[in-house]
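Worksheet for the structure shown next.
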Amino acid sequence: MLRRWRSTRGIGLCDPQVNAGCSTATDWPEAQRLRLLSFNIQVGITTQRYHHYLTRSWQHLLPHAGRANNLQRIGDMLGDYDLVALQEVDGGSMRSGYVNQVEHLARLGDFPFWYQQLNRNLGRLAQHSNGVLSRYRPTLLEDHPLPGPPGRGAILLRLGEGVDAIVVVMMHLSLGARTRTRQLAYIRELIGSYRHQILMGDMNTHANDLLLNSPLRDLGLLAPQIEATFPSWRPQRCLDHILLSPSLELEKVSVLAHPISDHLPVAMEIRLPQASTSPQPPMLNTPSPRKR
């Protein structure tokens, strides 16, 4: 069971959902490596040309036969990763055939832990969400609505404890630069006390804007990826990122040639600090807080 925490912000403290079909779950990567993936899946819709935004727009409201196959293709890909950030997923509405896509992908990828962040609830029509899938048990999980118009959110996940803890924030930022700056200032405040930081998601801007012209600029984050991610059929803009603090050692980074969505997924493998091999405090067998 997860430890009981007291929220300092009055928002967002929550538990991951547990995939009962998984045989094992651990607290920390024994190999001291973490394989990361960030993917905006566009609720399982394949877009291959700009005019598909118009001709296939009905798929954002109604179910279609190809969605299940697209989710299966995504699920097949996820088996190679430990921590996955998902954007533009549906939490279970008419358009997805009442399938919670985060839960479904957790089962396909055999992830022990998952969480769906509902950002825009349109009832039976749509459940606009972010999601996280994890092979490791979080020691903290928080759900944060982001500043600006409703509909954007970030998920904060922590692995480990103390000075060697890894904080990971998954996000889908706004299109507007002014609102995006407010959102990044909020995220900067969330992660400022951690030494080891990972930011993942569809950030709707280029790395230079994030590292040089945003509230993140004083953190010294690295953006190792240089390949474009959008649009998936002819990538020209790098909008999807995995940003790292200098304390985390990069092993591999790539943009995957999987044009399932209108974005391409970003993959990364990192080496964790050796100090993190010290024993972690035992988990307390206390009741978990209810999601609020």
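We did not get these values from a lab; they are worked out from the coordinates using the rules stated. Note that the coordinates shown come from a computational prediction; the quantities given were computed from them, not determined experimentally. Cβ atoms come from the backbone with ideal geometry, glycine included; neighbour counts cover every protein chain shown.
Given their separation in residues at 0.36 nm each and the Cα-Cα distance between them, THR24 and TYR98 gain 23.8 nm when the chain is fully extended.
Among the GluC sites (Glu not before Pro) found in region 209-251, those both in a DSSP coil and sparsely packed, with 15 or fewer other Cβ atoms within 10 Å of their Cβ, are GLU227.
Using Cβ counts within 10 Å as a stand-in for footprinting exposure, how do SER245, SER261 rank, fewest first?
SER245, SER261
Convex hull of alpha carbon positions in region 31-274: directionally averaged projected area 12.0 nm². Exposure proxy shown here: for PHE39, PHE113, the number of other Cβ atoms within 10 Å sets the order, fewest to most, as PHE113, PHE39.
Summary of packing: across the peptides 87-97, 160-170, 176-186, the per-residue average of other C-beta atoms within 10 Å ranks them, highest first, as 87-97, 160-170, 176-186.
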